[in-house]
Amino acid sequence: MKRAMLSTAIMLACGVMLSACSEPQKPSNNEAQPQANNSDTGYQLKDLSPARLDIYTEVTLNSDLSHLNDNQKKMLGLLIEASKIMDDLFWQQAFGMNKAEFLANIKDPKVRQFADINYGPWDRLNGDKVFLEGFADKAPGAQFYPSDISKDELNQADVKDKAGLYSLIKRDAQGQLYSVAYSEAYQTELNTAAQLLRDASKLAVDKQFSKYLNLRADALVNNSYQSSDFAWMDMKNNPIDVVIGPIETYEDQLFGYRTAFESYVLVKDMAWSERLAKFAAFLPELQQGLPVDAKYKQEVPGSDADLNAYDVIYYAGHSNAGSKTIAINLPNDEEVQLQKGTRRLQLKNAMQAKFDKILVPIADQLIVPEQRKHITFDAFFANTMFHEVAHGLGIKNTITGKGTVRQSLQEHASALEEGKADILGLYMVEQLLKKGEISEGTLEDYYVTFMAGIFRSVRFGASSAHGKANMIRFNFFKQEGAFSKNADGLYQVDMAKMGAAMEKLSNVILTLQGDGDYQKVDQLLATHGDIKAELQADLDKLAAANIPVDVTFKQGKAVLGL
Ligand SMILES: [Zn+2]
């Protein structure tokens, strides 16, 4: 999976950034500075509607820590300190200019907070559009590469670790490209972070967690992460977890090679994790029942999915930039995946925040009053979670001899795979409800909450794989009469037709994947993959009602009472 994603009145930023409230400093003349002359007025907004500053709403990121002992609480404090270093490193990778100086030069507190959320002067939820005067467009390769590099140049260059996950590409005085390992480029910061992880490991009672922390500390220093990924997969019973280091490659939009620093400090929800393990065991049986011809479900899905629920108590770096992740699937190392599988982490308190602040207000604007009682957190959590599990259903290899589904569908593969996981996740919920394995709520809760979820997701734009998947589903549901619109323009789910549309769409997607039919997928995206005028009007209504697009977190040791 890629990442599932999901803010109001942005709080005045003075509490967050005290330095910014004092006199702005003059920018220094180091190389990373923009060309702007801003010493008198600070950085000014450029082409950004003031409403855009309100797309994020602040939520306090909290969790019940009463079951943890003093050592565990101390450990959380150390992990948060290590995470702050990941945050600083991500600023360097994404933007390069000194963060404190940059922010201090933005006088308007709302603009300053917007820049802080975006880790620079580019609007992450609007295609990285520059929103401050004097800054150029964001380099697709961020700070991972020299700003003047072209794809061809690197492709043709003889450079060590050209496609490296953990190195920067630089240019020397003669113009020659060379690479520098993260462990060298960020040596001071990484040594400090490693020491914090080692200090935390001494407080860990769970031996496997202690081992993982030590290996992760080693990895930060020696630039080799695989053994720590293996150790992470071997941990099973640790009540505390941390995902930390250079992990995802989305920030490198030039090549998608290089990883960005991030961190999640996590407290495991043991009771929920047990329930999730139970659901994964049904995958083989549910695969058999998929509404598609037998040849499209001939593979047997694994039933040992490592699926757990957590509260996140700290986000840092890439995971904290722009939209906030609510579900993670790691590690990315294919060798570790082959031997150990992956772990899927459901971030429950972050989901609750998005549910309360975004999904419920969306439903109040767009769903008929009599169905709003069906918007429930249980349904939202289950729909998000079963999306993850449902990636395991269907088939990975075409039945037409075209190789894997991913190879044959090329750039459309991700959109279709995400669309599959969404619709089959709902299918799983329906089946498990029927079996009595899920006891919370009614099918109507899951359908109506699913429908409202489409509006939430399409607000991230139709350009991402998830966005395209949501558009296909919305347009397909419309065509099948799964929802109708009343005279007030409010959406009503038709239960019977929704069930039928769900089956039909499942069939369509599974068949397209199994056939590896690129042409037909291309056609489906062309006819069903865009936001049409009517839906755009509904999305405009949400924006006019000031419903946030995503959340931002008030977080840290003080919030948690640590
Ligand atoms: Zn997914």
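Before moving on, here are some points about what is shown:
- Test: residue in region 125-138 that is modelled with pLDDT of 95 or more, within 27 Å of the chain's Cα centre (by Cα) and not in a loop (DSSP other than H, G, I, E, B): yes
- Selection status of A294, at negative phi and either in the same structural domain as A115 (by TED's automatic domain parsing) or open to solvent by 40 Å² or more (accessible area, probe 1.4 Å) (or both): yes
- Count - residues of region 428-454 that are of a type outside the set (A, V, I, L, M, F, W, C) and buried (at least 22 other Cβ atoms within 10 Å of the Cβ): 5
- Scan of region 298-340 for residues that are out of contact with any Phe, Trp or Tyr (no Cβ under 9 Å at 6 or more places or on another chain), open to solvent by less than 30 Å² (accessible area, probe 1.4 Å) and farther than 19 Å from N62 by Cα, ordered by number: P301, D306, N329
- Of all residues in region 330-342, exactly one satisfies the criterion of being over 18 Å from R258 (Cα atoms), away from the ligand (no atom under 14 Å from the Cβ) and outside any helix (DSSP H, G or I), namely G341.
- Pairs where the first residue, in region 360-383, is more than 18 Å from Q492 (Cβ to Cβ) and the second is surrounded by fewer than 17 Cβ atoms within 10 Å (Cβ to Cβ), C-beta under 6 Å, 6+ apart: D378/E440
- In region 428-438, the residues that are away from the ligand (no atom under 15 Å from the Cβ) and closer than 21 Å to N329 by Cβ: V429, L432
- When K354 is tested against (1) open to solvent by less than 60 Å² (accessible area, probe 1.4 Å); (2) basic (K, R); (3) outside any helix (DSSP H, G or I), only condition (3) is not met.
- In region 292-324, the residues that are away from the ligand (no atom under 16 Å from the Cβ) and hydrophobic (A, V, I, L, M, F, W, C): V292, A294, V300, A309, V312, I313, A316, A321
- From the options R456, R406, residue that is under 17 Å from Y518 (Cα atoms) and more than 13 Å from the ligand (Cβ to nearest atom): R406
- Residue that is nearest to A277 (Cα to Cα) [pool: residues in region 395-423 that are crowded, with 18+ Cβ neighbours inside 10 Å, in contact with a Gly (Cβ under 7 Å, 6 or more places away or on another chain) and among the aliphatic types (A, V, I, L, M)]: I395
- The residue that is nearest to I244 (Cα to Cα), among those in region 53-104 that are part of a loop (DSSP other than H, G, I, E, B) and among the aliphatic types (A, V, I, L, M), is L61.
- For region 367-394, taking the residues that are charged (D, E, K, R) and open to solvent by 10 Å² or more (accessible area, probe 1.4 Å), the one that is nearest to the ligand (Cβ to nearest atom) is identified as D378.
- Evaluating A327 against the criteria (1) more than 30 Å from R258 (Cβ to Cβ); (2) of a type in the set (A, V, I, L, M); (3) within 14 Å of the ligand (Cβ to nearest atom) leaves one unmet condition, (1).
- For A142, the test of being surrounded by fewer than 17 Cβ atoms within 10 Å (Cβ to Cβ) and part of a loop (DSSP other than H, G, I, E, B) is failed.
- Filter result (part of a helix (DSSP H, G or I), of a type in the set (S, T, N, Q) and over 23 Å from the mean Cα position of the chain (by Cα)) within region 450-509: N475, Q479, S506, N507
- The set of residues from region 186-238 being of a type in the set (D, E) and in contact with a helix residue (DSSP H, G or I) (Cβ under 8 Å, 6 or more places away or on another chain) comprises E189, D199, D218, D229, D234.
The values are calculated or read from the model by the stated rules, or taken from the named source; none is laboratory data. Owing to the predicted nature of the structure, the values given are computational and were not obtained by experimental measurement. Every residue, glycine as well, gets a Cβ built from its backbone with ideal geometry; the counts of neighbours run over all protein chains shown. Keep in mind that these areas ignore ligands, DNA and RNA; they rest on the heavy atoms of the full protein, side chains included. Shrake-Rupley method; radii C 1.70, N 1.55, O 1.52, S 1.80 Å.
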